[in-house]
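The values are calculated or read from the model by the stated rules, or taken from the named source; none is laboratory data. Everything quoted here is computed from the prediction, not taken from an experiment. Note: ideal-geometry Cβ built from the backbone for every residue, glycine included; neighbour counts use all protein chains shown. Calculation scope for accessible area: heavy atoms of the full protein, side chains included, ligands and nucleic acids excluded. Shrake-Rupley method; radii C 1.70, N 1.55, O 1.52, S 1.80 Å.
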Amino acid sequence: MDDSPPKVFAMMLIYFFSGLAFEGLGLAAYLQQRQGSDLPLNKHLKWLAAFGFVCGVTNWIDMFLTSGGAQEYINVLNLLRMIAQPLTGLLLLIFGWEILREIPLPAWTVFIPGVLIVPIAYVITYAATTFVTPSPINIPIDIWSRYLLYLPGAIMAGIGFLRLWNMQRKLGLSDVANLMLGAGLAFLFEAFIVGLVVPAAPYGPASYYNYDRVIYNAFTGEQAGITGFLGLTSWLDNARILVVTGLPVSFWRMLSAFTVTFFVMRGLGVFEATRKRQLKALQDEHARAQKAAFDAQIVARETAEKWTEVLVSINRRITELEDVDSILLYIVDNARKLLPADFVGLALLMEDPSSLELKCFSIEDSTEIVRSTEIVKTPLILETLQSVHSYRSTGNEPPAMLEDIIYGQARSAKGVGIVRLELDNRPIGVLWASRAVEMSFTETDLIWLECMADQVVIAIQHGLMTSQLQSLSIIEERTRIARDMHDGLAQVLGYLNLEVQTLEALQKQGKTEALTSELGKMREAINLANADVRENILSLRTTLASENGLASAIAEYLEEFGIQTAIETNFTNEIDGDLNLSSVAEVQLVCILQEALANVRKHARASQVRVSIGRILREEGGFIHMEIIDNGSGFLMRDSKRNFGLKTMKERANSVQGTLEVQSVLGKGTSLNCTFPCIKNEQLKKSSALFTRATRLSVH
Amino acid sequence: MNVREWALPVFTVLIQMSVGALLALWILRAFASIKYGKEVMDRIVRVPLLIILSTTILGMIGGHFHLSRPYLSFLAASNFRTSWLSREIVFTVLFFLITATLWFFQWYREGHWGLKTVLGWLAIMVGFVTVYCMGHIYLLPAQVAWNTPETIISYYGSMLMLGVMALAEILIMDLRFKKVRQNEVLTEWVIIVREAIKRLALAAGVMLIPDIILNLFHLYLLRTGTALAQTSYDLLIELYSPLLIARFLILPIGVVSLIISVATMKRTGKTVQELFTPAYLACLLVIVGEALGRFLFYAAHIRTGI
């Protein structure tokens, strides 16, 4: 090498900047590693940092060696270099190995070390033998540090970065990927220029292309070869690089150092990019979570509203004394739709307390009452019936446990919620819902199901109360008839008894005229009694005979009334079809009609009575309106005897949320108007079988 | 030494390693099949057998670099009656052919347990003869440093040591490969390999002692021998002393490191697959040690006469 001062200075500058580049690389890696990251690459940065620091030091040692100095000083520097250079290679080798394994290697690569073990062993052995040659020891250290440590380390680091490039590219991070590509190629260039280009020496691969410029023979008596092995020529040593490129190899190494440092330092931006990505992902996640929470709130609110609406509707139906069967069908149908479930079933305990019968169910295309006797034997349902707590499947149950939950279908349930029905702290049945898909019921679902179960119990209770009320009505009717018979027929019969005694006395006394007169009174009394009896018979028959509908019964009653009393009757029915009145309301309506007509017959002395029924639509719903008008003598409203009967009729109307108004003018007749609320239920005509069973249940 | 000279240690070490590994494998096969059955052993020996065959081929290819005209290598067998070199070549080829036949049956023919057993032991016997011929080549009156029975004994010692260490590494490598692929890791397989590694490590430890003694004895013979022998001795302890020291240190370090790794396996909680790196380094050190020994063997010879 030319030792002119400008060239020495230039070499010093080259070594200085090479060292600076690697120190910068080490510092950047160290700072990045200290900053910390979840990226796996982060844990390898310590090796890269150490490599950068030591490599920088090695270059600066070269710088000082180039500047020259006292021999002792040079010796110390040489010693330091002999330590630093293999250490550099070792650190790069570790970093390269670590980054190469960053992405899991294919399985077959397990065999690569095995395949290479013999060549590696022989290279190591060969390297060891070169230390006994007469050449200075720093030469084999330099060469083998490069061949055995730096070269494989740089190649592995290069491949490792290229694999990261491939991964980042697939992730769509093109900017980071390009930096990884640059770093990979830079390390491969580093592998070539630093790991493969060595000082001229009589051994190594270089021994074959360096025989023409050997400085020392490898072994005593060995002759330098002239011909290169396999045609290799001397072009990979330091001097050849200078000859070919016109620049010393140190310059190219400096260039390589800057390239590696540039791409690796820029590549470390992957951490920043990752942090930003993580931050953005967190922000997105936060926004998504907020939206999800908001949506969940809306859904929950809507769900609650739907449930509340259904519960209100059920309550209204119960209050309006709707048919129990229809209420239960409404409950199971809506429970299935709102949960949502594939099946909702309702089973009740019957006379036999151990016999749980399926009463009604709802599936996707059908909601119906079970006509035949269907005994529920599913163990899970029966266990829940005996348990205080409701049951909710968790998804961990064995499939056999959830079999026979969906009645009438072959598919087995994947999720189930079961609620016990209680009346007066006694189990009366079970309401359950099941799903055929893998979706368990939540605690909220179970709570809603329990609400529905409560509604079922309330509906049944109301049904029972209605039944009792009907019984009371019948008793009351009987009492009325008894009272009427006592006030009418019994009085007449008593009177007739006295009259018969009077007739006997008159006959004995021979008072024929008086006898004839008394007989006339007796005939009137008998006619009156006959009319009362007929009326009572008619009342009884009309009240109980409603199979053809209430309007038809009223028409028949009026016709019979007209025949019996010779009062002209006129009935106008403006209603097409059923009146849609509850059974209790029907009874009360008929009673009011009978009471009114009885008053007409007894007190009004009317020749004509007109009855009309019609439907009135108001905001709160439909009403049945009945009007009774006679052309009799009328009465004063303050008449206490009449007021008592009117009061009774008003009470009857009020008992079924109806109204009653009476208007009477002396000499012009009386008109009576009453209205009864209709039941709005499209399922009014469905079976009443369950109601009957529930009645039996209450007896039980 | 140049490439032609380096071809010799490549050839001798690889062939000895192949024979030793096959011997160790066939002993393992014989004993393990009694306890674990023939079927599982038939599967375990497949990959090791392939690697042994590959190593043999590699050694034979490497040996060709020793020849001036490799394409005429077959002529080397022409002096079978008089030359140990010819006998070595013939028996090496025979060892290769029998091993290849065994490999073929092991990979492509199920069953034939007895035939495979016979082929294996036959290959081992031929291998023993090969190693004997290999050593006998160097029993030359003109080569004082080589002309002792210790040469043949040390060759057999190397064969066993290399075989044991190589088989340990091969078994772990194969198991690791299967674990990575996660296709067929069998509990029995892991148990067999674990037990085999323990015994192989123990065997290597046992063989280490005579190996060291033999090398020291060899130095002693040179030192106390003729003037030429003493010249060889001087070469070893002066010029090649760093290599001699390395030779004496590397081999025990490799073997002992494997023994320690196996012995502490239970305490460190490592699986047998995780012994890959220590076993690999141990095997590498042993090969380097043996190769260094072979280098010193060739480097220290002082020819007398023609």
Meets criteria (part of a helix (DSSP H, G or I) and open to solvent by 10 Å² or more (accessible area, probe 1.4 Å)) for A:Arg420
no
The condition from (1) surrounded by fewer than 16 Cβ atoms within 10 Å (Cβ to Cβ); (2) closer than 22 Å to A:Gly114 by Cβ that B:Val19 misses is numbered (1)
Test: residue in segment B:202-210 that is surrounded by 19 or more Cβ atoms within 10 Å (Cβ to Cβ) and within 12 Å of chain A (Cβ to nearest Cβ):
no
For the condition more than 23 Å from A:Arg316 (Cα to Cα) and part of a helix (DSSP H, G or I), what is the one hit in A:Leu469, A:Leu515?
A:Leu515
Restricting to segment A:295-310, name every residue that is within 12 Å of A:Cys451 (Cα to Cα) and open to solvent by 50 Å² or more (accessible area, probe 1.4 Å).
A:Thr308
Test: residue in segment A:449-466 that is out of contact with any Cys (no Cβ under 9 Å at 6 or more places or on another chain), modelled with pLDDT under 85 and among the hydroxyl-bearing types (Ser, Thr, Tyr):
yes
Could you say whether any residue in segment B:58-67 is of a type in the set (Phe, Trp, Tyr) and open to solvent by 10 Å² or more (accessible area, probe 1.4 Å)?
yes
For A:Phe263, are the conditions met, namely being buried (at least 19 other Cβ atoms within 10 Å of the Cβ) and part of a helix (DSSP H, G or I)?
yes
From the list B:Leu49, B:Leu102, B:Leu53, B:Leu122, which residue is outside any loop (DSSP other than H, G, I, E, B) and open to solvent by 60 Å² or more (accessible area, probe 1.4 Å)?
B:Leu122
Within segment B:225-250, restricting attention to residues that are part of a helix (DSSP H, G or I), within 12 Å of another protein chain (Cβ to nearest Cβ) and touching a residue at least 60 places away in the same chain (Cβ under 8 Å), which residue is least open to solvent (accessible area, probe 1.4 Å)?
B:Leu236
Residues of segment A:80-111 that turn out to be facing another protein chain (nearest Cβ under 10 Å) and among the aromatic types (Phe, Trp, Tyr), as a count:
2
For A:Cys678, only one of the following conditions fails: (1) at pLDDT below 90; (2) more than 17 Å from A:Asn573 (Cβ to Cβ). What is its number?
(2)
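Every residue, every condition in (1) more than 9 Å from every other protein chain (Cβ to nearest Cβ); (2) under 23 Å from B:Thr55 (Cβ atoms); (3) modelled with pLDDT of 80 or more; (4) open to solvent by 30 Å² or more (accessible area, probe 1.4 Å), yes or no:
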| site | (1), (2), (3), (4) |
| --- | --- |
| A:Pro113 | no, yes, yes, yes |
| A:Ile120 | no, yes, yes, yes |
| A:Tyr150 | yes, no, yes, no |
| A:Ala154 | yes, no, yes, no |
| A:Gly158 | yes, no, yes, no |
| A:Ser174 | yes, no, no, yes |
For segment A:529-566, name all the residues that are modelled with pLDDT of 80 or more, in a helix (DSSP H, G or I), among the hydrophobic types (A, V, I, L, M, F, W, C) and within 21 Å of A:Arg605 (Cβ to Cβ).
A:Leu558, A:Phe561, A:Ile563
Which one is farthest from B:Val45 (Cα to Cα) among residues in segment B:105-119 that are open to solvent by 40 Å² or more (accessible area, probe 1.4 Å) and touching a Leu at 6+ places or on another chain (Cβ under 8 Å)?
B:Phe105
So for segment A:428-435 (the condition being out of contact with any Lys or Arg (no Cβ under 7 Å at 6 or more places or on another chain) and either among the β-branched types (Val, Ile, Thr) or free of Cβ contacts under 8 Å to residues at least 12 places away in the same chain (or both)), does at least one residue qualify?
yes
Conditions (1) modelled with pLDDT under 85; (2) open to solvent by 70 Å² or more (accessible area, probe 1.4 Å); (3) under 24 Å from B:Ser18 (Cβ atoms): number failed by B:Val272:
(2)
Could you give every pair whose Cβ atoms fall below 9 Å, whose first residue belongs to segment A:497-513 and is loosely packed, with under 12 Cβ neighbours inside 10 Å, and whose second residue is at pLDDT 85 or above and not in a helix (DSSP H, G or I), counting only separations of at least 6 or pairs across chains?
none
